[in-house]
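**Student:** First, the structure itself, so that you have it in front of you.
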Amino acid sequence: MEDIYQEILPFASKGKQADYIPALAKVNPDQFGMCLETVSGEVYPFRQADTRFSIQSITKVFALAMSLSLKGEALWKRVGKEPSGTSFNSLVQLEVEKGIPRNPFINAGAIVIADILMTELDDPEKEFLDFIRALAGNDTIDYNMEVALSEREKGYLNAAIANMLKYHGTIDNDIEDVLMFYFKMCSVEMTCRELASAFIAFTNACPFDFAGYKLSPSQIKRMNAVMQTCGFYDEAGEFSYLVGLPGKSGVGGGIVAIYPMRYAVAVWSPRLNSKGNSVMGMKALELLTTATQESIF
């Protein structure tokens with residue numbers, strides 16, 4: 001990790017944090033953390049691996065796991081599983097495809113997943129947080145309401161997406177309630193160490209049974225497939241080409257990737273490229289799989 005960090009230092013000033021979310025604009029962009037955890041429990045933290053940050057769209061993996069456990073294959077009638085090829089907040093694609101989001105990791109798809117959880121759960125905000133805490137083994141993980149309210153304040157495009165979904169009958173609950181739950185989900189703060197630990201569950205190395213939610217090895221395999229093809233907005237192909245692992249990014253600067261049956265690795269650096277992915281994070285994971293000469297391909 002030290003060798004990787006030294007090699008990516010020339011990229012340290014490239015890109016910028018997600019300043020369209022006011023609370024994220026205040027984050028010090030000159031930070032870098034990384035942590036790898038093996039399925040046997042060995043943990044390798046590096047630099048700011050224990051600094052919490054807003055995981056943003058990484059949270060969509062947790063939401064998908066819960067909804068897939070609750071709904072099974074019926075879930076895919078509400079949301080697709082194809083790469084989008086457009087921006088993660090595209091209205092055009094949603095309109096053309098008559099309100100069925102292309103996959104659960106773009107904003108429209110994640111808003112539908114939030115609506116499903118609101119319908120299925122008695123206390124979705126608490127149960128969502130309980131699930132993440134169980135995965136990571138840490139009861140102090142929480143929402144950051146400053147970030148959630150900041151996103152709602154400037155969430156014009158997400159509000160437009162939610163309204164279009166409602167128009168097409170794709171979401172059932174009140175638009176404002178669904179949006180607020182979605183923004184809270186995105187505001188969850190975790191460290192690289194906590195994310196790596198939580199994503200060990202998706203390596204398929206042990207039975208998936210957390211906080212009452214169960215997934216079969218076949219369902220985990222298919223979740224990994226969706227992460228591989230859709231986890232990095234319209235840069236998923238580039239991530240597959242350079243890194244070769246299933247994973248998910250967030251505009252908070254975090255990226256998590258897994259090597260099935262082997263390890264989970266999380267990296268965080270707030271400066272993003274034009275696609276919304278961490279510049280140093282992408283490069284670090286590319287160098288990791290290059291140095292180890294291991295990927296799923």
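**Student:** Within the range 86-114, take every residue that is polar (S, T, N, Q) and part of a helix (DSSP H, G or I) and give me the one that is nearest to residue 71 (Cα to Cα).
**Tutor:** Result: 107.
**Student:** Quick one: in the range 215-250, which of the residues that are aliphatic (A, V, I, L, M) and closer than 22 Å to residue 131 by Cβ is surrounded by the most Cβ atoms within 10 Å (Cβ to Cβ)? First the steps, then the outcome.
**Tutor:** If we filter the range 215-250 for residues that are aliphatic (A, V, I, L, M), which is where we start, we get 215, 220, 223, 225-227, 236, 242-243, 245.
This time we only want the ones that are closer than 22 Å to residue 131 by Cβ, so: 215, 220, 223, 225-227.
Details: 215: 22, 220: 21, 223: 21, 225: 12, 226: 23, 227: 25.
Per the criteria, the residue is 227.
**Student:** Related question: Return the pair list, or none, for Cβ contacts closer than 9 Å from residues in the range 273-297 that are more than 18 Å from residue 5 (Cα to Cα) and touching a residue at least 40 places away in the same chain (Cβ under 8 Å) to residues that are among the aliphatic types (A, V, I, L, M) and part of a loop (DSSP other than H, G, I, E, B), at least 6 apart or on different chains.
**Tutor:** 276/18; 276/251; 295/243; 295/245; 296/245
**Student:** Take the range 115-135 and flag every residue that is closer than 12 Å to residue 181 by Cβ and assigned to a helix (DSSP H, G or I).
**Tutor:** 115, 116, 117, 118, 119, 124, 125, 126, 127, 128, 129 - these are the residues of the range 115-135 that are closer than 12 Å to residue 181 by Cβ and assigned to a helix (DSSP H, G or I).
**Student:** Next question, about the same structure. Give the residue, chosen from 185, 190, 164, that is of a type in the set (A, V, I, L, M) and more than 30 Å from residue 43 (Cα to Cα).
**Tutor:** Details: 185 fails: more than 30 Å from residue 43 (Cα to Cα); 190 fails: more than 30 Å from residue 43 (Cα to Cα).
Just one listed residue meets the conditions, 164.
**Student:** Could you list, in sequence order, the residues of the range 205-225 that are touching a residue at least 60 places away in the same chain (Cβ under 8 Å) and among the polar types (S, T, N, Q)?
**Tutor:** Scanning the range 205-225 gives a single hit, 219.
**Student:** Say whether the condition of being touching a Cys at 6+ places or on another chain (Cβ under 8 Å) and not β-branched (Val, Ile, Thr) is met by at least one residue in the range 168-177.
**Tutor:** Within the range 168-177 (the criterion being touching a Cys at 6+ places or on another chain (Cβ under 8 Å) and not β-branched (Val, Ile, Thr)), the answer is no, since none of the residues qualifies.
**Student:** Scan the range 32-52 residue by residue and report those that are crowded, with 17+ Cβ neighbours inside 10 Å, within 20 Å of the chain's Cα centre (by Cα) and in a loop (DSSP other than H, G, I, E, B).
**Tutor:** Residues satisfying the conditions are 32, 48, 49, 52.
Computed from the coordinates by the stated procedures, all read-outs in this text should not be read as laboratory data. Worth saying up front: this structure is predicted, and the values here are computed from it rather than measured. Cβ: placed from backbone, ideal geometry, glycine included. Neighbour counts: every protein chain shown.
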